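Comments concern the structure below.
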Amino acid sequence: MKSITLSRSEYRDKNRACWIGKNIGGTLGAPYECKKHTFDFSFYHPVPDKATPNDDLDLQLVWLKAMEDKGIDPSVRTLAAYWDRYAAVYPWNEYGFFMRNFRRGLRPPIAGCFENYFVDEMGSPIRSEIWACLRPADPQAAARMAWKDSAIDHAGGEGTYGEMFWAAAESAAFVESDIMTLIRIGLNMIPVSCRISRVIREVIWCHENGLTWGEARERVITRFANFQPCDAIANHGFMIIGLLYGKDFGDMLCKAVNCGYDTDCTGATVGAFLGIVSGMAGIPDKWLAPIGMEIVPHRYTGNCDIPANVDELTDRTVALAEKAAETDGPVQFGGRTALPADIRSRLFDNQMARKALALNPLAGIELLADGSEVWFHYDGDPVAQPGITKLVRVSVEGPARKVTLNVPAGWRATEVEPGRFALEPGAIADRNTIEVLAGGEAVSFVLLGPNQAKGFPAGNNVPKCPVCHGLPEACNCQKPA
């Protein structure tokens with residue numbers, strides 16, 4: 001039985017304000033991205049005439065398309081396929097390394113972490129809003145979807161914790177307006193010892209003990225930051241500084257952006273969060289007027305049926321949320337909001353988030369014909385080494401199925417216990433295919449050879465096209481004129 005009823009009109013208003021806030025904050029911060037000094041802005045500088053293109057929003061439009069095509073609970077493998085189809089041109093940091101691994105035959109979540117220095121960055125925390133809008137007032141369900149999303153390119157890293165934090169806090173913001181309570185709901189979905197949790201708690205301590213926002217920033221950069229400007233840990237500190245030290249919508253945005261570093265991401269996330277908290281009534285006209293309602297896609301975003309404007313995006317996310325409410329979870333939509341007396345306790349429930357965190361990042365996922373996931377657990381590097389027996393596991397979602405392996409010629413696979421196999425390699429190629437037979441269906445996984453696993457210099461990016469600067473072989477230069 002549904003325990004939470006949300007007003008359709010109130011939900012739509014907050015949903016719309018979320019995307020408008022995303023565009024406002026991203027446009028405010030975009031000109032100053034990766035600058036490591038402080039600023040003193042109180043408004044756009046320069047004042048724009050439209051929204052700035054931003055992957056913070058565009059990558060969520062890819063997920064919108066995936067859910068419209070494939071359903072509201074897509075597999076990590078499905079999300080990876082849509083990334084490959086519509087976002088493969090993006091070359092930056094974690095995006096580029098996911099595609100490098102995916103093209104080598106690895107599948108997420110291990111494709112999101114192997115030889116990927118950037119798993120602790122901001123690329124997945126900025127994609128949280130779609131899951132909050134899909135699962136309003138159900139933070140643990142939003143956090144679960146955020147884990148799936150982040151497994152694409154941040155598996156096992158701080159980026160996962162950041163996205164889970166924001167998805168949960170934003171989901172709760174559809175029915176809770178106290179910012180400190182929302183922050184604590186987000187913290188309850190992630191490990192207490194992770195660095196995202198620690199930096200957020202540090203800023204809370206600073207605020208509660210009378211330090212200025214500048215002093216709080218100094219503690220963040222001296223105790224948590226590194227030389228990467230898009231590192232998620234420091235930037236989460238900056239966002240919480242904005243929320244706790246800012247006086248209103250504009251001041252909260254500017255406090256976050258004035259801390260510097262990944263300013264388009266921090267501004268966009270704070271703006272979206274505040275949009276959900278207060279709805280359209282909380283967004284001053286002076287902030288909306290310069291950018292309007294248009295969605296301006298980045299040149300690296302593929303043709304994924306991009307909404308023309310925020311109103312179309314709102315209509316489509318509302319439709320998905322209605323569909324989600326019809327299937328499972330505690331929420332239904334109606335004429336007016338009605339909440340149970342223990343709503344805050346329900347918002348803090350984190351069982352689904354804890355189960356997601358327990359999933360194995362050192363695995364790859366493929367799908368059977370019925371959509372069931374097959375997990376190939378490498379339980380270490382996805383690499384075969386000469387003369388070394390490698391133990392792997394296979395788990396299959398749904399009803400019990402007999403599992404066997406077909407391995408390359410000259411190799412041997414021995415089942416040491418149900419679902420667990422010892423692989424003894426023979427001649428090792430650069431890419432070695434392991435075929436998993438599950439209930440009569442076959443899916444394939446790759447073990448790399450040593451020549452494909454020589455590492456990558458920490459902090460360096462994958463090569464880019466010298467003309468359009470996209471990911472080579474997927475870039476805009478390769479597309480027909």
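The values are calculated or read from the model by the stated rules, or taken from the named source; none is laboratory data. Quick caveat, the model's predicted, so the values are computed rather than measured. As a convention, Cβ positions derive from the backbone with ideal geometry for all residues, glycine included, and neighbour counts pool all protein chains shown.
Do you know which of the residues in segment 444-459 that are within 30 Å of residue 301 (Cβ to Cβ) and touching a residue at least 60 places away in the same chain (Cβ under 8 Å) is surrounded by the fewest Cβ atoms within 10 Å (Cβ to Cβ)? Only one residue tops the list, namely 458. Residue count for segment 84-115 under the criterion of being under 17 Å from the mean Cα position of the chain (by Cα), among the charged types (D, E, K, R) and part of a helix (DSSP H, G or I): the result is 2. For segment 373-390, which residues satisfy the criterion of being free of Cβ contacts under 8 Å to residues at least 40 places away in the same chain and either at negative phi or not assigned by TED's automatic domain parsing to the domain that holds residue 412 (or both)? Result: 375, 377, 388, 389. Residues in segment 202-212 that are surrounded by fewer than 16 Cβ atoms within 10 Å (Cβ to Cβ) and of a type outside the set (Gly, Ala, Ser) were compared, and the one that is farthest from residue 272 (Cα to Cα) is 209. Kindly indicate whether residue 408 is more than 16 Å from residue 106 (Cα to Cα) and either crowded, with 16+ Cβ neighbours inside 10 Å or of a type in the set (Lys, Arg) (or both). Spelling it out, residue 408 is indeed more than 16 Å from residue 106 (Cα to Cα) and either crowded, with 16+ Cβ neighbours inside 10 Å or of a type in the set (Lys, Arg) (or both).
Taken as a whole, the structure places residue 410 among residues that are without any contact (Cβ under 8 Å) to a residue 24 or more places away in the chain and closer than 22 Å to residue 376 by Cα.
Over 19 Å from residue 458 (Cα atoms) and modelled with pLDDT of 95 or more - does that describe any residue in segment 151-159?
Pass one, segment 151-159, residues over 19 Å from residue 458 (Cα atoms): 151-152.
From the residues that got through so far, the ones that are modelled with pLDDT of 95 or more too are 151-152.
Checked against the condition, which is being over 19 Å from residue 458 (Cα atoms) and modelled with pLDDT of 95 or more, segment 151-159 yields at least one hit.
Any idea which of (1) closer than 30 Å to residue 303 by Cα; (2) in contact (Cβ under 8 Å) with a residue 12 or more places away in the chain is the one residue 466 doesn't satisfy? The number of the failed condition is (2). With respect to the conditions (1) at pLDDT 95 or above; (2) surrounded by 18 or more Cβ atoms within 10 Å (Cβ to Cβ), residue 329 falls short on a single one, namely (1).
For segment 138-180, the set of residues classified as over 30 Å from residue 379 (Cα atoms), surrounded by fewer than 24 Cβ atoms within 10 Å (Cβ to Cβ) and either among the small types (Gly, Ala, Ser) or in contact with a helix residue (DSSP H, G or I) (Cβ under 7 Å, 6 or more places away or on another chain) (or both) consists of 175, 176, 177, 179, listed by residue number. Taken together, the residues in segment 396-410 that are closer than 20 Å to residue 424 by Cα and out of contact with any Leu (no Cβ under 6 Å at 6 or more places or on another chain) amount to 7.
So, residue 197, is that one at pLDDT 95 or above and out of contact with any Lys or Arg (no Cβ under 7 Å at 6 or more places or on another chain) or not? Yes.
Any chance segment 423-443 includes a residue that's part of a strand (DSSP E or B) and exposed (fewer than 13 other Cβ atoms within 10 Å of the Cβ)? Spell out how you get there, then give the answer.
Residues of segment 423-443 part of a strand (DSSP E or B): 423-424, 431-438, 441-443.
Checking the rest, the ones that are also exposed (fewer than 13 other Cβ atoms within 10 Å of the Cβ) come to none.
Within segment 423-443 (the criterion being part of a strand (DSSP E or B) and exposed (fewer than 13 other Cβ atoms within 10 Å of the Cβ)), the answer is no, since none of the residues qualifies.
Evaluate the following for residue 226: is it free of Cβ contacts under 8 Å to residues at least 60 places away in the same chain and surrounded by fewer than 24 Cβ atoms within 10 Å (Cβ to Cβ)? Yes. With the condition kept exactly as written, say whether any residue in segment 60-72 is more than 26 Å from residue 296 (Cα to Cα) and touching a residue at least 40 places away in the same chain (Cβ under 8 Å). For segment 60-72, residues more than 26 Å from residue 296 (Cα to Cα) and touching a residue at least 40 places away in the same chain (Cβ under 8 Å): absent.
For the condition exposed (fewer than 14 other Cβ atoms within 10 Å of the Cβ), closer than 21 Å to residue 115 by Cα, outside the structural domain of residue 121 (by TED's automatic domain parsing) and charged (D, E, K, R), what is the one hit in 473, 415? Full working, then the answer.
Working: 415 fails: closer than 21 Å to residue 115 by Cα.
So the residue among 473, 415 that is exposed (fewer than 14 other Cβ atoms within 10 Å of the Cβ), closer than 21 Å to residue 115 by Cα, outside the structural domain of residue 121 (by TED's automatic domain parsing) and charged (D, E, K, R) is 473.
Which residues, counting only those in segment 1-34, are modelled with pLDDT under 95 and loosely packed, with under 15 Cβ neighbours inside 10 Å? 1, 2, 34 - these are the residues of segment 1-34 that are modelled with pLDDT under 95 and loosely packed, with under 15 Cβ neighbours inside 10 Å. Taking segment 73-104 as the range and being surrounded by fewer than 19 Cβ atoms within 10 Å (Cβ to Cβ) and β-branched (Val, Ile, Thr) as the test, no residue passes.
Restricting segment 17-55 to residues that are assigned to a helix (DSSP H, G or I), in contact with an Asp or Glu (Cβ under 7 Å, 6 or more places away or on another chain) and among the hydrophobic types (A, V, I, L, M, F, W, C), which is farthest from residue 90 (Cα to Cα)?
For segment 17-55, the residue satisfying everything is 18.
Condition first: assigned to a helix (DSSP H, G or I) and of a type in the set (Lys, Arg). Can you find one or more residues in segment 395-411 that meet it? The answer is no, given that none of the residues of segment 395-411 is assigned to a helix (DSSP H, G or I) and of a type in the set (Lys, Arg).
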